[in-house]
Structure formats: C-alpha cells, structure tokens
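S.K.: Before I ask anything, here is the structure I am working with.
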Amino acid sequence: MGTFNRVLDHLEEWLVASFMALATVVIFTSVLYRYTADIAWVWNYTRHINLTWAQELCIYLFIWMAKFGAAYGVRTGIHVGVDVLVRLLAPPKRRFWVTFDLLAGAFFTGVIAILGGMFVWRMVGTGQVSPDLELPMWVVYLAVPLGSSLMCYRFLQVAWRFRRTGELPAHSHAHVEGMQTETRA
Amino acid sequence: MNGWIIFILLIVLMLTGMPISIALGLTVLTFLAFMTDLPAELVSQRLFTGLDQFAIMAIPFFILAGTFLTHGGVARRMIRFATALVGHFHGGLAMAGVFACALFAAVSGSSPATVVAIGTILIPAMEKQGYPRKFGVGAIGTAGALGILIPPSIVMVIYSVSTNTSVGKLFIAGVVPGILLAAILMGITWVIARRRDYPRMQRASLKEIWSAFWDAIWGLLLIVVVIGGIYGGVFTPTEAAAVSAVYAFVIAVFVYRDLKLSDVPKVLLASANMSAMLLYIITNAILFSFLLTSENIPQAMAQWIIDKHLSVWMFLLGVNILLLIAGNFMEPSSIVLLLAPILFPVAVKLGVDPIHFGIIMTINMEVGLIHPPVGLNLYVASGIAKMGLTETTVAFAPWIVIMVLYLLLVTYVPQIATWLPNLVYARPG
C-alpha cells in the first residue's frame, strides 16, 4: 500500500505539472507562429504547419490539469470552506464535523465518478470526435471519472489520517515555492 | 419555493465547513435527485463543458506568471525604481511600497501574491528604517489589494466568465480606479508620515532614477506586453496570460536568475494546485448557476426587486452591504462566482453599467481581502511580519475605513470606472 501511494502521489504531481507546462508552451507557440507568419524566411519553414487546434488542446490540457489538480489539492488542503462556525466548536464536536466534511467530499466526488463513468460509457458508442483534434470525445471526457475517483480516494485518505493522527493538510498562501526568504505563516 | 430550498441547503452545507466547491456540488446533486426531472448525468457532462471556454484558461496562465514573478527579482527592482522616484518625500519608503505594489499589480493578477512579493522585502526594510511595524503591515497589506483592481486581474476574469462581459473592457476599466486608489493611499501615507515624522530618504539623482529604471525594465516591459497586447488587439487576454507566463519564466530563470531551473517543476506544481482549486470551484459554480437559471431564480429575484421600485442607489448600497458581509465568510473568487450570476441580471435591468458593476464587485473583494476572518492579505502580511492576527487586524483597521469610503466613491461616481473604457472602445455598453 505504501508503494502504491508513493507511485500515485508522484504520478499525480507529474501529470499536473506537465499539463500546466504543455498548455503554456502550446499557446505561446501558437501566438509566436501567428506573428512570425509575416517574416518571409520563417514562413518558408512554418507554412505547412497547422496550429488551429492549439486552443482546443490547451482547453483539454487544462481540464485534465484541473480534475487531477483538484485531487492533488485535497492532499495539500487547498480546498477551503467557511470554517468560522466549526472553529468555535469544542474539539470532539469539531472532530466530528471535520470528518463529516471530508466524507461529504468523498461522497460527492464518488457520485460524480460514477455518473461520469456512465456518461463516458455512453459516449464510446456514439463515436463523437472533437472538432479540431478529432480525438474521440470519450477519451477527452475520461478526465471527469478518473479525476473524480482519485479525488474521492484523496478525501478518504485525508479522513483516515485525520481520524488516526488528528492532522489535516493546510495550505499557506504566504509560502511561495522556491522563494529564498522564509515567509511561512 | 424551490429557490429558498436551494439557498438554505447551500448555506447549511457551507456552514458545516466543507469546501465551497463541494457544498455547491452537493446542493446541485440533491436538487437533481429529488426536485426536478433534469437528468442527473447532465451534471457530469456540465462538469466538463462548463470549463470548455478559452477565456477561463487565462486564470491558470496568470497564476503561473504570478508565481514566477513573485520570486523576488522583479519585485525588488520595482521597489528600487519606486524608491528612486518617491523616496525623498516624508515616509518615502512607505510611499515607495505603495507605488511598487501598484507596479507589481500591473503584472500580477492576484492580491495576496502582490503582498508576498512586495511585503517580504519592504515590511522588514521599513522596520529597519524606524517605521512602526504596524504601519508597514497596514500600508503594504492594503496596497497589495491593488493586485486585483489594476489589470491583469484573476477576479475580473472570473466576473467576466460568470456574466459574459468583456475581460478586455473590465481590465481597462480597472486602470483609472487602480491608479486613483494608489494615489489616495500614497497621499494618506504622506500625510501620516509628515505628522509622525517618519524618515525621508535622500533624493535620488536623475542618474540613479535612470539606472533604477533600466534595471527594472524587464518587469516594466511586461506591463506593456500584457496591457498593450490586449488593447492593441495583438492577442486575446488568455494568450496575453500565456505569453506573460513564458516571459516571467525567462526573466526569473535566465535574466534575473532568482529561480533555479530545477525549481521550475515546483513552481508549475504550486501554480497548478492553486489553479485547479479555482477551476474546481468554477465548474461547480457554473453547475449551480445553471441550476438557478433553469429554476428561473435570478429572473424572479430581478422582478421582485424591480416590483419594490428600488432606486439604483439603494440597490447598489444593498449590493455593497451584501458583498461586504459575504467577504466575512468567503474568499473573492467564490463570492464573485456565487453572487455575480444572481446580482448581475438585476443590475442590468436597473440600468447599471455591467463594467461599472464589475469594478464595484472587485473593490468590494479588495475590502474583503484586508479584514478578518478570511482576508488573505491579512494572513499573508501577518505571516511576513510575524505579527499576531489581532495585532495585524488593528494595524489594518484605519485602512479598511479608507477602502470602504473609496468603495462608496466609485459606486456613486461611475465615471471613474466607465470613462476610460468608453473612451477606448468609443461605443459605450
């Protein structure tokens, strides 16, 4: 189980970061392409390249990034809610509500994973493809059930750890990755 | 009837402390399961198609650009440039701090990021020069809120997505109120500094100003690239965001070298984390507003308010109060996503300019950012200054009053927001 989780963690992080980088490169390239079209010698090399699919690819990459990133976010504690009331409660009651919230998250994402799975299953039969890239739509939509399942798993994982250790992941907005100065709140 | 059930359910779920996105999603699910014959599978499709808009993608790009820019180099040079220009006034360093926040806000779309970038350097520096820590924290934390008013702005992108207004117009509408607010904050800083005799710095020579300007040129150029690029029609806001992300990467890693290439994956991951959280709320909020619309709730509310013969100024006052209250519970993007689809139709029916309304909401969000219990600027500033939350709140208090007054000014003098966009886009509306 430990190895499985470690591999899953890495895969998740790697996927999310790569989608982000890839989407940026795609859009940057397409802008560059459009503005170098006026330069004759560049155009000679690039005229046969067709980049009309760039926007579509960017959107799909970001949707995938968003679905898996949301699961990663559960692990980093970035999904916040209105916790003013819960903070006022005595520890045992608070413990109950925090667990309730995490399980509610697991429930919602679980339901979405199933609904999404049914939807994708139906899409397979239709043979629909995306307008520019002509990818099968069911492959594109797979982000919903896959991401949501992972997110459900993360909610359960965080709930399990919370029950055992009483610790919750917390995200600090004052902390910037790789920044030299120590600013952690 | 159904409308009340939806809202009460949402509020109850939110008050249990669950993530706002989950509360929104569960409300929609419950409603679909028990109260309507809309197919439940619509949800999973909407969860995908809701995000299927190129305009939304500006958000992750601006976040990525912001994360690259926060790594010191650009901010430090902007501070040096600002100090060279205004450092010789009373409270020069504090004024330079406000000025630098405004400059940084013009390349970053987030307020907390602006506080981190400028505050990390300036709050300790001000203390060293003899300013009370409270003053530095309040001034920089408040000026950091300019991040979402001066374009680019993530909050404005979200407003434009949920109300179908033009991002470009909103951005340009933020310029005048942003500069005006920066000027007001600097003016107040100067007055306080004069009265309390805060330190002045030596007047910088023209040569020093020039060299500081050249040193900061890469950051300043980005302002031209983003704003100029969008208005010149060179690219769409989303493309501008992607270009600024690449530009920020090149500056941080190769020009100013304050970020190691090996740190880039971490930056990507951190930006993806933040973006995914926002996009997740956005998808669920789109789902929720789809539910509201299919139940005709915004229309019914608009009709109800119109039947009450509310005047525009009363309505706007009510909106401001509602938003200020919401600012006690949620962070800006959630508030805009939840309330803009409901309030916007009413505002339009009453004849409020959509762009003006967007600016009012944005300034409201700035106020929410600087007061407890959820104001992020407050938390960030207290983290940087290692100051307790109560003390930080006291430090922010006078600034909150100023911000609320400014909010009223912009609410009732719409020309501050609409003059420039109407000029640039010639035809109003």
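S.K.: Based on this model, can you work out whether B:R76 counts as open to solvent by 50 Å² or more (accessible area, probe 1.4 Å), within 25 Å of A:A143 (Cα to Cα), part of a helix (DSSP H, G or I) and not polar (S, T, N, Q)?
M.R.: no
S.K.: I want to confirm something. Restricting to the range B:343-354 and keeping residues that are open to solvent by 10 Å² or more (accessible area, probe 1.4 Å) and part of a helix (DSSP H, G or I), which single residue is nearest to B:S153 (Cα to Cα)?
M.R.: Ranking the qualifying residues of the range B:343-354, first place goes to B:P354.
S.K.: Let me ask something additional. Would you check which residues across the range A:18-68 are of a type in the set (G, A, S) and at pLDDT 90 or above and list them?
M.R.: A:S18, A:A21, A:A23, A:S30, A:A54, A:A66
S.K.: Of all the residues that make up the range B:297-314, how many are within 23 Å of B:I335 (Cβ to Cβ), at pLDDT 85 or above and polar (S, T, N, Q)?
M.R.: Counting residues in the range B:297-314 that are within 23 Å of B:I335 (Cβ to Cβ), at pLDDT 85 or above and polar (S, T, N, Q) gives 0.
S.K.: While we're looking at this one, here's another question. Can you tell me which residue within the range B:400-429, out of those that are among the hydrophobic types (A, V, I, L, M, F, W, C) and open to solvent by less than 10 Å² (accessible area, probe 1.4 Å), is nearest to B:L170 (Cα to Cα)?
M.R.: Within the range B:400-429, the match that is nearest to B:L170 (Cα to Cα) is B:A417.
S.K.: Continuing with the same structure: Restricting attention to the range B:24-61, report how many residues are assigned to a helix (DSSP H, G or I), facing chain A (nearest Cβ under 7 Å) and more than 23 Å from the chain's Cα centre (by Cα).
M.R.: Qualifying residue count, the range B:24-61: 9.
S.K.: Here's a follow-up. Could you tell me how many of the residues in the range B:311-325 are under 12 Å from B:N364 (Cα atoms) and buried (at least 19 other Cβ atoms within 10 Å of the Cβ)?
M.R.: 4
S.K.: Which residues, counting only those in the range A:100-141, are open to solvent by less than 50 Å² (accessible area, probe 1.4 Å) and either over 23 Å from the mean Cα position of the chain (by Cα) or of a type in the set (A, V, I, L, M) (or both)?
M.R.: A:L102, A:A104, A:A106, A:V111, A:I112, A:A113, A:L115, A:V120, A:M123, A:M137, A:V140
S.K.: Something else about it: Specify which of the listed residues (A:T99, A:T36) is touching a Lys or Arg at 6+ places or on another chain (Cβ under 9 Å), of a type in the set (S, T, Y) and more than 7 Å from every other protein chain (Cβ to nearest Cβ).
M.R.: Result: A:T99 is the single residue among A:T99, A:T36 that is touching a Lys or Arg at 6+ places or on another chain (Cβ under 9 Å), of a type in the set (S, T, Y) and more than 7 Å from every other protein chain (Cβ to nearest Cβ).
S.K.: Only one of these is open to solvent by 10 Å² or more (accessible area, probe 1.4 Å), aromatic (F, W, Y) and at the interface with chain A (Cβ under 7 Å from one of its Cβ atoms): B:Y256, B:Y280. Name it.
M.R.: After applying the criteria, what remains is B:Y280.
S.K.: Could we say that B:V250 is open to solvent by 50 Å² or more (accessible area, probe 1.4 Å) and under 28 Å from the mean Cα position of the chain (by Cα) here?
M.R.: The answer is yes for B:V250.
S.K.: With respect to B:Y247, determine if the residue is part of a helix (DSSP H, G or I) and within 21 Å of B:I22 (Cα to Cα).
M.R.: No.
S.K.: Taking B:A212, is it open to solvent by less than 10 Å² (accessible area, probe 1.4 Å), in a helix (DSSP H, G or I) and touching a residue at least 60 places away in the same chain (Cβ under 8 Å)?
M.R.: Yes.
S.K.: Go through the range A:67-92 and give me each residue that's touching a residue at least 24 places away in the same chain (Cβ under 8 Å), within 7 Å of chain B (Cβ to nearest Cβ), hydrophobic (A, V, I, L, M, F, W, C) and in a helix (DSSP H, G or I).
M.R.: A:A70
The values are calculated or read from the model by the stated rules, or taken from the named source; none is laboratory data. Just so we're clear, the structure is a prediction, and the values are computed from it rather than from any experiment. We place every Cβ from the backbone using ideal geometry, glycine too, and count neighbours over all the protein chains shown. What goes into the accessible areas is simple: the full protein's heavy atoms, side chains included, and nothing from ligands, DNA or RNA. Shrake-Rupley method; radii C 1.70, N 1.55, O 1.52, S 1.80 Å.
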